[in-house]
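The values are calculated or read from the model by the stated rules, or taken from the named source; none is laboratory data. All of these numbers come straight from a predicted model, not from anything done at the bench. Cβ: placed from backbone, ideal geometry, glycine included. Neighbour counts: every protein chain shown. For the accessible areas, the whole protein counts, side chains as well, though only heavy atoms, and no ligand, DNA or RNA atoms are used. Shrake-Rupley method; radii C 1.70, N 1.55, O 1.52, S 1.80 Å.
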Amino acid sequence: MDWVVNWVLQVGFGTQLILALLAKYILYFCFKKASELSKHADQNMLTSIALASFNLVAVFWFVDDVNNFLQRQYDALGIPTLNPAFWEQIPLFVVCIIGIITKDFADYWSHRAMHTKWGWATHAAHHSDTHVNGFTGLRVHFLETILMTMSYVVLLTWMQIPEVIPIVALFYAIQGIYIHLDLDWDHGPFKYLIASPRYHRWHHADVPQAYGKNLASVIPLFDVIFGTYYNPGICKEPMGALKTGVPDKNPFLLYIYPFQDWGRLLREEWEKRRGNQTQNQRKTE
């Protein structure tokens, strides 16, 4: 967690902003994507930046508590770990590939959990962007970051390969910008090995048939294996999650959305149980 905080505060945020802005202008000038400089795109961009800025504030307030909680839980689990010397005889690029594969496997299942009824609230902010581009990767709720970090702690810490974390993190920062670009690239025969913009664009499409599909960040083969792959061709569907009631350009509403959604679900469950109790009482009368 300490490393994650240092990355976010010192490197990650600024690097992603610069790369996303560069990608925005490359799409405009080189690929003639005029919409990249539209008012709609700029409003979504500013919303994404605002949400990421809120996360920085949340890091300052809650990171110590989260860090201590994760450490206690990890210690209680008593997970055996590899000796870091295990990796010394393996080429660095091979260890990096192993790190990417294992992280993507953990990401897949965390992502799948967030596309469930109760998990959706933490992930909705990322899907709220109605102009998906390089800045969409910044649009992540702090609660989602906590859940993802917890999955890494439980699923990956036992591997003891901290030396490759900066390399893997940089790769994911660049990959995260690339797959959100408005480009109809599909990678041909390699489309199952490395995620493409077309593949991920379907993940953000605001159409029911695409909900909960294409959950891998890097390796679509995981979707093929576990039955969540969806790529019927070029994606011309609207982006975002407006159809599910998630706003797209209000960072404050996006930040409180999880609590509103969980409140709604709890209220529905309560009303459902009360209704069942009433029916049971009528049957016994």
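Amide H neighbours of residue 216 under 5 Å, counting only residues 5+ apart in sequence or on other chains, H built in-plane at 1.01 Å?
223
Under a point-charge model restricted to the Cβ atoms of Lys and Arg (+1) and Asp and Glu (-1), what is the dipole moment magnitude of segment 1-129 relative to its Cα centre, in debye to the nearest 20?
520
Too long at a 24 Å Cα-Cα cut-off: which of 103/249; 33/117; 103/213? Numbers along the way, then the final one.
On the way: 103/249 31 Å; 33/117 35 Å; 103/213 19 Å.
With Cα atoms farther than 24 Å apart: 103/249; 33/117.
Compute a Gaussian network model of the chain, connecting alpha carbons closer than 10 Å, and tell me which residue from 249, 32, 103 fluctuates the most.
32
Given that just one value was derived from the coordinates, which of (i) 173; (ii) 120; (iii) 191 is volume of the Cα convex hull per residue in Å³?
Of the listed options (i) 173; (ii) 120; (iii) 191, (i) comes from this structure.
At 1.4 Å probe size, with the rest of the protein present, what percent of the exposed accessible area of the chain is carbon and sulfur atoms? Don't skip to the end; give the middle numbers.
Working: 9990 of 15330 Å².
C and S fraction of accessible area: 65 percent.
Under the rule of at least 5 residues apart or a separate chain, name every residue whose amide H is placed under 5 Å from the amide H of residue 33.
So residue 33 has HN proximity to 28.
Spelling out what I want: for every residue of segment 90-102, take phi, set θ = phi - 60°, compute 6.51 cos²θ - 1.76 cosθ + 1.60 (Karplus), and round to whole Hz; glycine and proline get x.
With coefficients 6.51, -1.76 and 1.60, one gets 9, x, 4, 5, 5, 5, 5, 4, 4, x, 5, 5, 5 Hz.
About its Cα centre, what dipole magnitude does segment 130-285 give when the only charges are +1 on Lys and Arg Cβ and -1 on Asp and Glu Cβ, stated in debye to the nearest 20?
Working: 15 positive and 14 negative charges, 109 e Å.
The dipole of segment 130-285 has a size of about 520 debye.
How much mean residue ellipticity at 222 nm does the chain get from its helices, if each DSSP H run of length 4 or more adds -39500 (n - 2.57) and you divide by all residues, to the nearest 500 deg cm²/dmol?
Numbers: 10 runs with 170 residues, N = 285.
Value at 222 nm, helices only, nearest 500: -20000 deg cm²/dmol.
Label points 7 Å out from Cα along the Cβ direction at residue 57 and residue 149: separation in nm?
Here the answer is 1.8 nm between the modelled labels.
Report the label-to-label distance for residue 72 and residue 21 in nanometres (one decimal), using points 7 Å from each Cα along the Cα→Cβ vector.
Spacing of the two 7 Å Cα→Cβ label points: 4.2 nm.
For segment 64-184, what relative contact order do you get, as a whole percent, if you take Cα pairs closer than 8 Å and at least 6 residues apart?
Working: 84 pairs, mean separation 46.2, N = 121.
Relative contact order of segment 64-184: 38 percent.
Could you check which residue among 144, 271, 88 shows the biggest mean-square fluctuation in a GNM of the chain with a 10 Å Cα cutoff?
271
Select from 129, 75, 261 the residue whose mean-square fluctuation is largest in a Gaussian network model of the chain (Cα-Cα springs shorter than 10 Å).
It is 75.
Name the residue from 67, 92, 109 whose Cα lies farthest towards the positive end of the charge dipole of segment 10-157, charges +1 on Cβ of Lys and Arg and -1 on Cβ of Asp and Glu.
Of the candidates, 109 comes out farthest on the positive side.
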